[in-house]
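What follows is calculated from the coordinates using simple rules that are stated; it is not laboratory data. All figures in this text were calculated on a predicted structure; none of them were measured in a lab. Neighbour counts run over all protein chains shown; Cβ positions are idealised from the backbone, glycine included.
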Amino acid sequence: MTANGQQRRELFLTAADLPPAEREAFVRRNCEDDALCAEVLELLALEPPETFLSPPDLANDVRLCSVFGPYVVEARGDLGPGRHLARHATRGTRAEIELVPLNDDESDDRIHAFVRTAHRMNELRQPAHVPVLEHGRVANAFWFARNRVAGHDLATELDHHARSAAGQTDRAALLPHAGSRAWLHAVLDAFGTVVALLHTAHVAGIAHGDLTSLRILLDDRGQCYVTGFGVASVLGRTAPPADDVAAAGALLFTTLLGGVADPPTNPHVHAPPAHERAAALALVRRLDPAARRPYDDAASLLADLRRVRGGQAPAAHRWSERLRSWFRTGPSRAADHGGPSAHR
């Protein structure tokens, strides 16, 4: 640094520590070079931003966080809104970090509810449940770390199959070709896993409350997992188990509709035999939201999934059974079977 540059630096730093009203007089007293004096005064007149040379305020912007407890977000770990791939700082294991926004003063109670649900689900030791490893709070968000599933969620899988149906080459799909017999069995098996887990949770008094296509995960072997138990508590939602069953049924309806309604036209795709496709179509009709015939509980939906997986039609709806009895026996005797005349 030149002598001029050194003097400029010393004048500027010393004057900057003085009250603004005293800076100009100090510089003029200690600088004989008019040009240098004018340059230092010009620098002092500049107003730096409030955040000049200040660290980012992580307490107010969770997007700037890269460390969550013992986990460090990887360089290319962005998995979508509120989700990050991270690695444990000491163990080196990978996990997925999920962020849930917090908006009000009830967040502490909601976090405690999440922790209770997460612990209870972990204690069930169900293979299809993705356990919570760590949790914490940063800025205006709650975060939790869970086991990393090497694959993607059902929403991404459906998008891949939609591209394939549109004639685009997409080899990232984890399930077989949509509409094939292998695909039908894989879908029924996957949702059988989801509904069986819901049934186990419901028996234990736990409802999911936030079951979406983003919560159902598929790994690279086609195995199915469910995450997000307890997130509904953080969001302030309370949902009965019947809502979980309705959500699973709606997702299954959407998934099956794309492959069962229209049989595959590719001659190299092995389509399901007629009786299996008929059973699957009957299940689609039963699940159709427009029909307003939802399943009452996870056990009944699981029973039908297993029935259709074996090539049998789903069980008749309870009202269908009563109507069938009414038409078979007549109004007078149908009352004894709980038919329409019993409700007159």
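For the range 15-23, backbone phi angles converted through the Karplus equation (6.51, -1.76, 1.60; θ = phi - 60°) give residue-by-residue couplings of 5, 5, 7, 8, x, x, 5, 9, 5 Hz, Gly and Pro being listed as x.
Note on D189 and R306: the model spin-label points, each 7 Å out from Cα along the C-beta direction, lie 1.7 nm apart.
Stretching the chain fully between E123 and H268 yields a gain of 47.7 nm (0.36 nm per residue, less the alpha carbon separation). Once the Cβ-Cβ distance of L79 and L281 is raised to the sixth power relative to R0 = 45 Å, the FRET efficiency obtained is 0.80. Restriction of the trypsin sites (Lys or Arg not before Pro) in the range 106-153 to DSSP coil positions whose beta-carbon has at most 10 other beta-carbons within 10 angstrom yields R125. Residue by residue, the range 229-244 carries 3J(HN,Hα) couplings of 4, x, 4, 4, 5, 5, 7, x, 9, 10, 9, x, x, 4, 5, 4 Hz when phi is fed to the Karplus relation 6.51 cos²θ - 1.76 cosθ + 1.60 (θ = phi - 60°); x denotes Gly or Pro.
Using a simple spin-label model with pseudo-atoms 7 Å out from Cα toward Cβ, A290 and R237 lie 2.6 nm apart. Taking amide H as placed 1.01 Å from N in the peptide plane, G151 has no amide H partner under 5 Å among residues 5 or more places away or on another chain. Close amide H partners of H135, meaning residues 5 or more places away or on another chain with modelled amide H under 5 Å apart, are A145.
Look at the Cα gyration tensor of the range 193-312: its axes a ≥ b ≥ c give a/c of at least 1.5 with a/b over b/c, and that counts as prolate.
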